[in-house]
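Read-outs: derived from the displayed coordinates by stated rules, not from any lab. This structure is a prediction, so every number in the text was calculated from the model and none was measured. Neighbour counts are summed over all protein chains in view; Cβ atoms, including those assigned to glycine, are modelled from backbone coordinates with ideal geometry.
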Amino acid sequence: MKNIYKYCLASILALGFSSCELDMEPYETIEKDAVYSSENALEALTLGNYAILKGSGIADGYSWVNNYFRFGEYSGDNVALSGSTTDPLFYLYNYKRQVKGYRKQAVWTAAYKAIVGCNIVIDRAEEGLNADLDNLIGQNYYLRGMQYFYLTSLFGRPYNQSPETNLGVPIKLSTDVDDQPLRSTVKECYEQVVSDLKKAESLMQSEKSASYATKEAAQALLSRVYLYMGDNDNAIAYSDLVINSGRYSLLSKDDFKKYPTFTPDENQETIFALRFVDGADNSGQWDDWYAFSGMYAAVDAQGKASLDGSGWGELYASVTYRDIVEEWADDARAAFVTSMVLDKNSEDLWGIWYGLNSYKSADSDGQKKLNGLLFHQDSVSADRTILYQELAHTNGTVKLEVPIITEVDSKTGVTNYSVKPYQINSETGATQLLTSSVKLRINQKLATRQTYPKYFITKCSGQENKGHLWSPVISRLAEIYLNKGEAYAKKGDVGNALLNVNIVRSRAIGSEAEYTAADLTAGVSILDLVLKERRLELAYEGHRKFDVFRNNRNLDRTYPGTHLRGNDPFFEVDYNSNVIIEYIPENEILAQPDLQQNL
C-alpha cells in the first residue's frame, strides 16, 4: 500500500471551491509534507477524495465505483450473462474466484487511496474552529467509514458469521507509508465503520446537496450498517433520523420511472450519490461502451435502450427478476427493464418460454436440467390461443400446434399465459409433451444474443438524457424505509414491518398492491416479503448479493444464463460457502506476505 499515499494539490486549487460539480481528478505527485493545512487546501484534498472514488469518468475501469457495483450486482440473481465476454466480469458472475484481476485490484487500490486521503485531512484539520471546517472533516470520516464498510462486505464474511474471528480488511488510520496493518476482524472493522460514521454525523451540521456527504448520509449508512450487524433497534432509530429530518421524500410513481435521469442535486429522494458531471465525465465517444452500465444495455444519445446504440449490452435482467416485477401490470420498477423488439412495426406475435425442447437419447439428467433452462421463441396466433412449434431432428422438422392457457389474476388483473409445449428426440424424431406447463410471455419477436433474449437494464443510464451518464446512488430514502421494515420484521413486529414496506410498494405500484397479514402463510414469512421488496426496489444498486448472504440464505441461480455453463456450475450458492467472499488481490499478498488470504 506504500504507493497510494501521494497527492498533488496545485491543480485542484485552481478549480475553485464553490462549485457543486465534482468534476475534479485526483493527483499523485506531491509528497504529503508539501500539502498545506489551510482550509482551502483541506477542501481541495477532500474533493480529491471524492474524485478518487469516482475515477476519471464513467468509463474508468480502474475507479472504485465503476468496479464495486460490478461486484455487488454481477454475482447476484438479478442478472443473466448472455454469452462469452473478454471482460473479467465473467469470474464475478459465475463465482469462479481469482486471486488476480484488475477490477478487484482497482476496488482495493482506489479504496485505500481514498482512505489515506481522508486520513491526511483528519490528521491535519483542527476541529471546532468553524462549522464549515468541521463539516469538511466530517465528510472525510464519512468517506473513510463508507470505504471500510464496503471493503469488509466484499472481502469479509457477513457480520452474523463469527465476526470476532473472521477476518475483514486492514484498518489504516495513519498517513505513514511504513504503517502496513494486518487484517482486522470483521467485528473490529464494523466497530471502525460505526465510529467513523458517528463522528461524521456529529461534525456535519451544514446542509449540502446529495452530491456530498452530509449528516443524513451518515445516518442513512448507519441504518444499513446496524441492519447488517443485527442491531435492529439502532437500524430503526437511524432510519427514523433520516425520515424525520424532512430533507427527503419519495418521488412520485411517474418521476420514479425516470429516476436515473435526475442529477443527485435535483432528486428529492437521493441522500448521497457520487456525482458524475455531463461534459466532464463522459467526454469521449467510447465512454458509453465502457461505462458500468454499458454491459447492461446499448443506448442512444439520450440514454434510451436501442439495438443500434452504444454499449455492449451483454448482461440482461434475469427471468426470476422479471417474474416478480411483472406480477402487477404497472410496477414502476419494470420501467428499468426493456424487452428489445427486433421490428416494432411488425404485428406478428411470438411466445417466449424456457424449458426442455430438444434432447438426445443418452442425455444425462444433468444435461436435461440445463436444457430445461433454455430460451425458446415460437410464433403465436393473432388471437393468442395457439403456439406454433417447429422442432428439428436429424431427418427434418416437425410442426406442431399447442393450445395456450389464459388466466387472469383476480388480485392483480394481469393476464397470464402458460403452455405445455412439445419436446423432441433430435435423433429419432419422437415427440412428447412436457410433463408440466411453463410460463409463456407473448410479445413481438425479441432480439437475441447467443440465443439469450435481450432484456436491457437502463436503471444506470440516461442522467440528463445523456447516454450512459449516471451518478451511482449510495443511499436513497426508499432504502431507509426498507431498512426499517426489515429491522421490524426481525423483531417480530409484523405491523410496523408491513407499514414501512408498503410505503415503498404503494409508491411503485399503488395502494391496491400493499401487503397485508393475509399474505403471510406457512411458506411466506414477513422477512420473505421484505426481502422480496428489497430485491424489487434496489435491483442494480449493489445490494442484492449482500442482502441474501447476510440473512443466511442461499442464492438461487436456477435460471437461464451462462453461469450454468462449464464445469461445476452453481445452481445455488450456499451462504456458508467460501466463494461468497473475494480473495484479497494477489499483489497485496505479494507486497505484504503476512497479509492472510481468504480460503
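Think of it as helices only: each DSSP H run of n ≥ 4 in the chain is worth -39500 (n - 2.57), and spread over all residues that comes to -10500 deg cm²/dmol at 222 nm. For the chain, the fraction of C-alpha pairs farther apart than 30 angstrom is 54 percent. Here the peptides 121-131, 340-350, 160-170 are ranked by packing, the mean other Cβ count within 10 Å, and the order with the highest first is 160-170, 121-131, 340-350. Kirkwood's formula applied to the C-alpha pairs of segment 149-224 gives a hydrodynamic radius of 13.6 angstrom.
Across the alpha-carbon atoms of segment 59-139, the computed radius of gyration and Dmax are 18.0, 57 angstrom. Just to confirm a number: summing +1 for Lys and Arg and -1 for Asp and Glu over residues other than K208 whose beta-carbon lies under 11 angstrom from that of K208, what do you get? With Lys, Arg at +1 and Asp, Glu at -1, the neighbours total -2.
Each principal axis of the Cα cloud of segment 213-253 was taken in turn, and the coordinate range along them, longest first, works out to 31, 23, 14 Å.
If you take the Cα centroid of segment 128-162 and the Cα centroid of segment 182-210, the two points sit 4 Å apart. Estimated translational diffusion coefficient (Stokes-Einstein, Kirkwood radius over Cα pairs, 37 °C, 0.692 mPa s) of segment 287-417: 184 µm² per second.
Note on K454: aspartates and glutamates with a C-alpha under 14 Å away, same-chain residues under 8 apart excluded, are D308, E314, D343. Counted over all Cα-Cα pairs of segment 115-262, pairs farther apart than 28 Å make up 26 percent. Distances over 23 Å make up what percent of all Cα-Cα pairs in segment 440-599? The share of Cα pairs beyond 23 Å in segment 440-599 comes to 59 percent. How much net charge surrounds A382 when only the other residues with a Cβ under 15 Å from the Cβ of A382 are counted, with Lys and Arg +1 and Asp and Glu -1? Residues near A382 contribute -3 overall.
Separation of segment 333-405 from segment 61-79 is 31 Å, based on Cα centroids. Which entries of K54/K104; K459/K490; K215/K466 have Cα-Cα distances beyond 20 Å here? Flagged as over cut-off: K459/K490; K215/K466.
The amide H of V79, built 1.01 Å from its N in the peptide plane, has S318 as neighbours under 5 Å, considering only residues 5 or more places off or on other chains.
Our compactness index for segment 360-423, the C-alpha radius of gyration over the empirical 2.2 N^0.38 Å, is 1.41.
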